[in-house]
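*Asks:* Before anything else, here's the structure in question.
Throughout, read-outs are computed from the coordinates displayed, never taken from laboratory work. The shown structure was predicted, so the numbers you read here are calculated from the model rather than taken from an experiment. As a convention, Cβ positions derive from the backbone with ideal geometry for all residues, glycine included, and neighbour counts pool all protein chains shown.
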Amino acid sequence: MSLILFALALIISYALIGAGIKLVDQAVDDPSRIRFRKSLLWLVVAVLIILVNIWVFFDVYTAVLALGIILSLIASRKIDNTYFIVLAIAVFPLSLFRFFDIAILILVLPTLIAIFVASLLDEVLHAQASKIHIAAIHHVLLHRPILKISVVILPFFGLLTFIHTIGFWCFDIAYDALAYYFGAKSFPNAGTDPT
């Protein structure tokens, strides 16, 4: 029963985090469409910080996902507004701290490397998508497919759990669903960048 509760809590939390990140992203990128007071956006960021850090503290695979994605966003220079800078700064130390235990580090280092590389490739290819004139490839790259596919493959090698795979996909679905809800698709036409 506790495993079921853990899975439900993780999946719901990941979905809320995905929706929250997209809410802030859209409010910053298109303030004319989504009008929120700055105080409300800061409240959303504060809730995201608390929620992510709670999961990072109690769940090493959430720490792996958070750290790998944050590092890839830093490397690709995709943390592009004050809200996300604060979110990254607030989540990064605890995520990193989880790996000070050498036994945990050895256990999850391959997963961390895989998440970092997949996320970095997604960001690099996403930035190049507007230069690709083959519609199908262009469309696929705008969806950032490498990390999505990687989190499905990793459990088969014992590098991630299926619960975290489902959680990640719920994060991603919530992220995109919120974009469509506000009428600002997260996969825009060539030449524009939604993040």
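*Asks:* Between the DSSP loop rule and a limit of at most 11 other Cβ atoms within 10 Å, which trypsin sites (Lys or Arg not before Pro) in the stretch 1-110 are left?
*Replies:* Taking the stretch 1-110 and a limit of 11 other Cβ atoms within 10 Å, the loop trypsin sites (Lys or Arg not before Pro) found are Arg33, Arg35, Arg37, Arg77.
*Asks:* Expressed as a rounded percentage, what relative contact order does the stretch 2-181 have, with Cα pairs under 8 Å and six or more residues apart?
*Replies:* Contact order relative to length: 35 percent.
*Asks:* P(r) for the stretch 2-181, please, calculated from all Cα pair distances in 5 Å bins and given in %.
*Replies:* For the stretch 2-181, the binned pair fractions read 1, 8, 15, 20, 23, 17, 9, 5, 2, 0 percent.
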